[in-house]
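The values are calculated or read from the model by the stated rules, or taken from the named source; none is laboratory data. Small disclaimer: the values here were computed from a predicted structure and weren't measured. Neighbour counts run over all protein chains shown; Cβ positions are idealised from the backbone, glycine included.
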There are 2 protein chains.
Amino acid sequence: MADRKDFPKIGILGGGQLGKMLCQAGADWHLPLYVLDQNHSYPAANYATVFMRGDFSNRADVLEFGRKVDVVTIEIEHIDTAALHQLVAEGVAVYPQPDKIDLIKDKGRQKQFYADHGIATTAFELFAGAEEVRQAVAAGRWAFPFVQKARTGGYDGQGVAVIRDAQDLAEKLLPVPCLLEKLADIDKELAVIVARSPSGEMRVFPTVEMEFHPTANLVEFLICPAAIDGDTNARAAGVARTVADELGIVGLLAVELFLTHDGEILVNEVAPRPHNSGHHTIEACMTSQYEQHLRAILDLPLGPTDLLRPAAMINLLGAEGHAGPAFYDGWADLLRLPEVYPHLYGKAETRPFRKMGHVTALGDTVAVARARATQAREAVRIISHAGK
Amino acid sequence: MADRKDFPKIGILGGGQLGKMLCQAGADWHLPLYVLDQNHSYPAANYATVFMRGDFSNRADVLEFGRKVDVVTIEIEHIDTAALHQLVAEGVAVYPQPDKIDLIKDKGRQKQFYADHGIATTAFELFAGAEEVRQAVAAGRWAFPFVQKARTGGYDGQGVAVIRDAQDLAEKLLPVPCLLEKLADIDKELAVIVARSPSGEMRVFPTVEMEFHPTANLVEFLICPAAIDGDTNARAAGVARTVADELGIVGLLAVELFLTHDGEILVNEVAPRPHNSGHHTIEACMTSQYEQHLRAILDLPLGPTDLLRPAAMINLLGAEGHAGPAFYDGWADLLRLPEVYPHLYGKAETRPFRKMGHVTALGDTVAVARARATQAREAVRIISHAGK
């Protein structure tokens, strides 16, 4: 396979579920897809044309990997971007571009970018560390409640602290370079995924509405279309397009938005890659986010993003009290439900609340899709017989 | 991967495009899928969890392969079924069941089965060879035109001769055990795919209408829904269900039908596996034929088969005059078309009229879908730079 010349060789940094689903999208065109991650137990390992063992945060590994392919992309931001800059210098196409990844990885620079480009976001201030935050609070410049975000390294709810009172300030503050944000007066959390190609062609996916798990701080549920009016929808899509275009990103950009009770749309943060909030596009949209990302980074025409059916997506999490080799109890019960599309990531071991898969449910209405998604999650338990 | 116990290990005999698409369907659940075929250049090789080199028509190879898995299935009928009978005796689940494959592989036994079960088919007679056919014609028992079919070994239009006159009788008759059939007075050729599980649960896919290439004797175009009235549709589905149930097959059964100008529905032949006439189910139906086959052979509940959008499917064939490593000229032009879903099989070399892939096009109407499919085929040329 490695000597094929009909399509450029694509290298994906990261072999998690997003990498796996990129590989699945590439399978329809039989694309030559290389994946780099630590070992063969990762979800994408078996679905890559060529899987290479290595560490995407290690410079030498990324360089060696990137030199074997024609186009490099990512499924996670936490990679060694110095190696990506070097690959660009050597003539390898890298999408998203390394400087965009650098900017997005640093939540401080990301917020400053919104401020500099007139893109509405929550009020914020950058700090060197926890001590400086405490001084700002003592000086009366910041009042409870507020959100502290680590500038780098955050993922899936990690690196974020909500500081509601003096006790939180004493106990929960992260001791790292950070930014403070005012708590937005949030009515809904929305997400809009945009694809942008090297030529500047853009396509916007339908707005989704996210609901978070009350304690785990993970997206639990997403529905599409979002329950918002046409004007709000158009403004959300417009903001997402503006961010993608001002950034000049190539590939997907997932734009997380707050809709306030005043009807204002604020950018929360972005991810320059396929995103959890776009899983449903596999079944619910004319083109999936995964195929769209491949089209964009290959400089091919982007596909239509129309929603075919109302959709609801839930994550399938490891059951509490179970750790070890995963079993999917109730699988037949789940499959008895109509228009329920489960995706398992093949992670070798389950752990409590670990993302082991997701289900997209479709229906004539969002309410039907959502009820089916809920039934699906209730039907299946991801357990281990290794002991509780 | 090989030591996973969360799902049964599935072994697929044959690594062609149907095997590849079975693997793609299994990827959503991260199923452990083993594939046997001759070498890594076969379409499914890279999409199997474990690809094993071997010959599915070789007894020892099939036995060795089958003993490594829990459930054996096929993507082609031309396999060593004696090995499959042996595997069943050893406790391996084999679906479709070996005796059903034996019956279907022999077109003579297949026709006799229809006759024995009151299932309408074209009038036929079995012959030991070409000489016996000539005697029957000389004796006035068979009159031109008629169709001669080899009892075994036919595939994709091979093993079939249309005998229109004395010259055809002299030159085209196949020198093998065969059956003669009257030429049906065909209005349309239809296909209905049924899935049946071990428990007897059945689901029928919407009827498709097939159009054949005028010279290559390959299905060129299929459209769904077929342009037939509701009563004809119900009768076609009923015939397909009857055949599947009388056979007691487990897995998919693709039933090819003739609709005569008198409105009669005749069974032409069946295939106990995913079928070319079901490619469009990947995008156009609630459950794809590939996932449905996996559900059936794993004794899991079958999925709904509703058509989501009108569909047209065409094969992508190698351009005339080109043989060698394949290039897909015009790929960007193809991708500019909306709701056009290309599938490439990754065959290393193209040859004139070789099936290199297919395109499913969707639309609000069959006419729109069909126009898009035609545009797609016109956009892309599968060529080789190895010379003409």
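Applying the condition of being of a type in the set (Val, Ile, Thr) and surrounded by fewer than 22 Cβ atoms within 10 Å (Cβ to Cβ) to region B:82-100 and asking which residue is farthest from residue B:153 (Cα to Cα) yields B:92.
Tallying residues that are within 10 Å of chain A (Cβ to nearest Cβ), among the hydrophobic types (A, V, I, L, M, F, W, C) and more than 20 Å from the chain's Cα centre (by Cα) within region B:1-31 yields 5. Within region A:73-81, can one find any residue that is in a loop (DSSP other than H, G, I, E, B) and surrounded by fewer than 16 Cβ atoms within 10 Å (Cβ to Cβ)? No, region A:73-81 has no match at all.
For region A:170-190, a residue qualifies if it is modelled with pLDDT of 95 or more, over 21 Å from the mean Cα position of the chain (by Cα) and farther than 18 Å from residue A:110 by Cα, but none of them does. For region A:47-60, the set of residues classified as closer than 24 Å to residue A:290 by Cβ and either basic (Lys, Arg) or assigned to a helix (DSSP H, G or I) (or both) consists of A:47, A:53, listed by residue number.
Quick one: in region A:351-361, which of the residues that are surrounded by fewer than 24 Cβ atoms within 10 Å (Cβ to Cβ) and either more than 23 Å from residue A:285 (Cβ to Cβ) or touching a Lys or Arg at 6+ places or on another chain (Cβ under 6 Å) (or both) is modelled with the lowest pLDDT? Residue satisfying both the conditions and the ranking: A:353. Considering region A:307-363, the qualifying strands (runs of 3 or more DSSP E), each wholly inside and each with 1 or more residues that are facing another protein chain (nearest Cβ under 9 Å), run over A:327-329, A:340-344, A:355-362. For region A:286-306, the candidate set comprises residues that are more than 8 Å from chain B (Cβ to nearest Cβ), in a loop (DSSP other than H, G, I, E, B) and over 18 Å from residue B:330 (Cβ atoms); within that set, the residue that is nearest to the chain's Cα centre (by Cα) is A:288. Taking (1) charged (D, E, K, R); (2) within 14 Å of chain B (Cβ to nearest Cβ); (3) over 22 Å from residue A:200 (Cβ atoms) in turn, residue A:264 satisfies each apart from (2). The residue that is farthest from the other protein chains (Cβ to nearest Cβ), among those in region A:32-46 that are in a loop (DSSP other than H, G, I, E, B) and under 23 Å from the mean Cα position of the chain (by Cα), is A:38. Elements of the type strands (runs of 3 or more DSSP E) sitting completely within region A:132-191 and holding at least 2 residues that are at negative phi and touching a Pro at 6+ places or on another chain (Cβ under 8 Å): these cover A:160-163. Considering region A:210-242, and only residues there that are modelled with pLDDT of 95 or more and out of contact with any strand residue (DSSP E or B) (no Cβ under 8 Å at 6 or more places or on another chain), the residue that is farthest from residue A:196 (Cα to Cα) turns out to be A:229.
Please specify each residue of region A:300-326 satisfying the condition of being buried (at least 18 other Cβ atoms within 10 Å of the Cβ) and among the charged types (D, E, K, R). A:309, the sole residue that qualifies. Filtering region B:41-88 to residues that are of a type in the set (Asp, Glu) and touching a Pro at 6+ places or on another chain (Cβ under 8 Å) leaves B:70, B:75, B:77.
For every residue, the table says whether it meets (1) within 29 Å of residue B:127 (Cβ to Cβ); (2) out of contact with any strand residue (DSSP E or B) (no Cβ under 8 Å at 6 or more places or on another chain).
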site	(1), (2)
B:5	no, no
B:13	no, no
B:72	no, no
B:76	yes, no
B:83	no, yes
B:89	no, yes
B:106	yes, yes
B:109	yes, yes
B:114	yes, no
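Only one of the numbered conditions (1) in contact (Cβ under 8 Å) with a residue 40 or more places away in the chain; (2) in a strand (DSSP E or B) is not met by residue A:239, and that is (2). Checked against (1) closer than 21 Å to residue B:250 by Cα; (2) modelled with pLDDT under 95; (3) acidic (Asp, Glu), residue B:102 meets all criteria but (2).
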